[in-house]
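What follows is a set of notes on a single structure, which appears directly below.
Just so it is clear, none of the values below were taken in a lab; they were calculated from the coordinates. Just so we're clear, the structure is a prediction, and the values are computed from it rather than from any experiment. Heads up, the Cβs are rebuilt from the backbone with ideal geometry, glycines too, and the neighbour counts pull from every protein chain shown.
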Amino acid sequence: MNGLIGAVLFLILAPVAGGLIAGIDRKITARMQGRVGPPLLQPFYDVGKLFEKENVVVTTAQNFYVLAYLIFIALSGALFFAGGDLLLIVFAFTLAHVFLVLGAYAVHSPYSHIGAERELIQLMAYEPMVILAAVGLYMVTNSFYVADMVATTVPVILYLPGVFLGFVTILTIKLRKSPFDISTSHHAHQEIVKGITTEFSGSTLGQVEIAHWYENVFLLGFLYLFFSWNPVIGIIAVAITYAAEIFVDNVTARARWQAALKSGWLAAGVLGLVNLAILSYMMTGGV
Amino acid sequence: MAFLKRSPWILHYDASSCNGCDIEVLACLTPLYDVERFGIINTGNPKHADILMITGGINELNRAVVRNLYEQMPEPKVVVAIGACAATGGIFRECYNITGGIDKVIPVDVYVPGCAARPEQIIDGVVTALGILEEKRTKMRGNAQTKEEARHAAGEST
């Protein structure tokens, strides 16, 4: 029952929270660049506008794929906030991005195809680390269920500092922030036109944007799992991490896709695996 | 709900301008003028754009490009012609390859004068364009409604 309430609350509140986070993000970014910046509610104006525009459709299949992307992102987030199985959530999350890639491949635009290819590379770059994070959380809390992970009294971050740092690295890819915003970006709108979203316009682009809000709230929730033994510290840590992501976004230039792939795999291979190896060694030694 | 006025995304195209006006357009995006305050974003993609800001007098080579860009923009959309060349061809109007003004190729809604146009004038032009954009949106919705009503009146079922 608690789970159902969590899921419903996520489905209703996540777009509001995600939009506000995006608004704060844009404001802080502007201040970092010495600008005034748009109003706090600008992301809502943008999406509202997109739904007012004419819907130019190249292939009807693209609308279907983007809708599937939105639904599966919302589903994985809802499962997460319902306290479901983290592995299932990670797979639903990956499937959602596969739909986005298919949507971009459905049209015959080279820009869209380059964006789709880069999205696949991003998927390859961050996926190992996400799974290692789930495994790490399991090793500490002895459960793959998010509900049990949240209820834990163990300070997970002390056991998984490497996994946390690795997860923060791939979070930069997931939040579409520099230096890893290679498939599409919030800034530099001239970069390979607009990457994966080039051929989406009007309400379809609005759906992509809403899915991104859902996704961001879900990812911040994932981040919270590392600190769930103390909600106050948890929320502060998530806020600081997000602020650090904004800072990194503003001080780095876009890297090439090879660098994104290497960083993602290095994070998983070095920070993640070494952390887990030490953890399992300590566990077998301790018992 | 009029979100359109609060979030106009711009497509900027240089149709054989001398680059003077283009520098002024980009100046609008700098921290000094910061047009993102009004939700204005410079997109490089006609399919995401609401306002086409275009400079220069259009030569024979980019005539087709301008038409293509305009057609790719989803309705409602407005065109802002920036600078003397965009309005009339300017000092290049006698050149053998210059069409002589944006309105020879696509319909223009706002003309921003000047050689080069100042950033303040360009922002003023965009604000004027926002009013026209809003008008077009109401008209578009009106047209859709009229069509819908006519269909109902004819007793057509889909």
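Observations, loosely collected:
- Largest GNM mean-square fluctuation among A:MET149, A:MET129, A:MET32, using chain A with Cα springs under 10 Å: A:MET32.
- Normalised by 2.2 N^0.38 Å, where N counts its residues, the alpha-carbon radius of gyration of the protein assembly as shown equals 1.10.
- Per residue Cα convex hull volume in Å³ - calculated over region B:4-153: 103 Å³
- Computed extension length for A:ALA17-A:ALA255: 82.7 nm, one decimal, from 0.36 nm per residue of separation with the Cα-Cα distance subtracted.
- The order of the peptides B:66-76, B:48-58 by mean Cβ neighbours within 10 Å, most packed first, is B:48-58, B:66-76.
- For region A:158-270, alpha-carbon Rg over 2.2 N^0.38 Å: 1.15
- Residue ranges A:33-46, A:4-17, B:137-150 sort as A:33-46, A:4-17, B:137-150 when ordered by packing (mean number of other C-beta atoms within 10 Å per residue, highest first).
- Of the trypsin sites (Lys or Arg not before Pro) found in region A:188-274, those that fall in a DSSP loop while having at most 13 other beta-carbon atoms within 10 Å are A:ARG256.
- Taking a straight line from the alpha carbon of A:LYS27, these lysines sit under 16 Å away, with near neighbours fewer than eight places off in the same chain left out: A:LYS177.
- Averaged over A:36-44, number of beta-carbon atoms from partner chains that fall within 10 Å: 4
- Cα-based radius of gyration of region A:189-243 once divided by 2.2 N^0.38 Å, which approximates compact folds: 1.57
- Shielding score for A:56-62, defined as the mean number of other chain Cβ atoms within 10 Å: 1
- Scanning chain A for DSSP H helices at least 24 Å long along the axis (C-alpha atoms) with a Kyte-Doolittle mean no lower than 0.0 picks out A:2-32, A:60-81, A:86-105, A:110-141, A:202-224, A:231-251.
- Of the DSSP H helices in chain B, those whose Cα atoms cover at least 30 Å axially and whose Kyte score averages -1.0 or more: B:119-153
- Estimated at 0.36 nm per residue, the fully extended path between A:HIS113 and A:SER143 surpasses their Cα-Cα distance by 6.8 nm.
- Exposure proxy ranking for A:SER201, A:SER143, based on other Cβ atoms within 10 angstrom of each Cβ and starting from the fewest, stands as A:SER143, A:SER201.
- Inter-chain Cβ neighbour average for residues A:198-206, partner chain, 10 Å: 3
- Lysines whose Cα lies under 20 Å from that of B:LYS139, excluding same-chain neighbours fewer than 8 positions away: A:LYS49, A:LYS53, B:LYS5, B:LYS77, B:LYS147
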